1. When only residues in region 1-15 that are part of a loop (DSSP other than H, G, I, E, B) and either touching a strand residue (DSSP E or B) at 6+ places or on another chain (Cβ under 9 Å) or at pLDDT below 90 (or both) count, which is surrounded by the most Cβ atoms within 10 Å (Cβ to Cβ)?
2. Taking Ile95 as meeting all but one of (1) exposed (fewer than 15 other Cβ atoms within 10 Å of the Cβ); (2) closer than 24 Å to Lys17 by Cβ; (3) β-branched (Val, Ile, Thr), write down the number of the exception.
3. Out of (1) modelled with pLDDT of 85 or more; (2) assigned to a loop (DSSP other than H, G, I, E, B); (3) surrounded by fewer than 15 Cβ atoms within 10 Å (Cβ to Cβ); (4) charged (D, E, K, R), what's the single condition that is false for Asp18?
4. Do you know which residues across region 29-67 are more than 12 Å from the chain's Cα centre (by Cα) and of a type in the set (D, E, K, R)?
5. Ala32 - would you say it is in contact with a strand residue (DSSP E or B) (Cβ under 7 Å, 6 or more places away or on another chain), assigned to a loop (DSSP other than H, G, I, E, B) and surrounded by 12 or more Cβ atoms within 10 Å (Cβ to Cβ)?
6. Take region 1-32 and flag every residue that is among the hydrophobic types (A, V, I, L, M, F, W, C) and more than 20 Å from Tyr92 (Cα to Cα).
7. Tally up the residues in region 59-107 that are assigned to a loop (DSSP other than H, G, I, E, B) and either farther than 21 Å from Leu36 by Cβ or without any contact (Cβ under 8 Å) to a residue 60 or more places away in the chain (or both), please.
Amino acid sequence: MALYINKEKNSLIFNEKDFQINVNYLPDIVLALMELDESKPIHFAIDLEKTPVLFVLYLRKLLQESEATIKIYYKDNSEALKWALKSYGMEYNPIKNFPDYEELENVK
């Protein structure tokens with residue numbers, strides 16, 4: 001797993017490096033988010049070709065329990081992801097709108 005933190009831009013990138021579907025990444029994501037400034041919006045990129053629906057549940061829980069404003073951006077633009085997000089009342093944001101977008105290629 002690869003989590004990249006950019007404190008200057010208050011952003012976090014999760015990419016496919018060593019990604020395994022059966023691993024719970026939520027504790028690592030929460031620890032990484034704790035390193036960012038929750039008084040400012042946090043930008044979080046999910047740089048996965050296919051975002052597991054389980055991630056949507058993780059992220060929903062994270063958004064519900066966090067006092068920070070977290071905006072999540074997705075590389076996956078499938079109808080399945082968009083449907084899952086919509087059914088849980090979450091917003092789809094394409095990864096190309098991620099404020100630290102140029103950094104995505106540098107972290108692979």
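1. At the first step, the residues of region 1-15 found to be part of a loop (DSSP other than H, G, I, E, B) are 1, 7-10.
When the remaining residues are screened for being either touching a strand residue (DSSP E or B) at 6+ places or on another chain (Cβ under 9 Å) or at pLDDT below 90 (or both), the result is 1, 9-10.
Details: Met1: 13, Lys9: 15, Asn10: 20.
Of everything passing the filter in region 1-15, Asn10 is surrounded by the most Cβ atoms within 10 Å (Cβ to Cβ).
2. Ile95 satisfies all of (1) exposed (fewer than 15 other Cβ atoms within 10 Å of the Cβ); (2) closer than 24 Å to Lys17 by Cβ; (3) β-branched (Val, Ile, Thr) except (1).
3. Going through the list (1) modelled with pLDDT of 85 or more; (2) assigned to a loop (DSSP other than H, G, I, E, B); (3) surrounded by fewer than 15 Cβ atoms within 10 Å (Cβ to Cβ); (4) charged (D, E, K, R), Asp18 breaks only (1).
4. Listed by number, the residues that qualify are Glu35, Asp37, Glu38, Lys40, Glu49, Lys50, Lys61, Glu65, Glu67.
5. No, not satisfied.
6. Met1, Ala2, Leu3, Ile5, Phe19, Ile21, Val23, Val30, Leu31, Ala32, listed by residue number.
7. Selection size over region 59-107: 14.
Every residue, every condition in (1) surrounded by fewer than 13 Cβ atoms within 10 Å (Cβ to Cβ); (2) farther than 23 Å from Asn6 by Cβ, yes or no:
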| site | (1), (2) |
| --- | --- |
| Glu38 | no, no |
| Glu49 | yes, no |
| Phe55 | no, no |
| Leu62 | no, no |
| Lys71 | no, no |
| Ser78 | yes, yes |
| Tyr88 | no, yes |
| Glu91 | yes, no |
| Leu104 | no, no |
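The values are calculated or read from the model by the stated rules, or taken from the named source; none is laboratory data. On a predicted model such as this, the values are computed, not experimentally measured, just so you know. Virtual Cβ from ideal backbone geometry, glycine too; neighbours counted across all protein chains shown.
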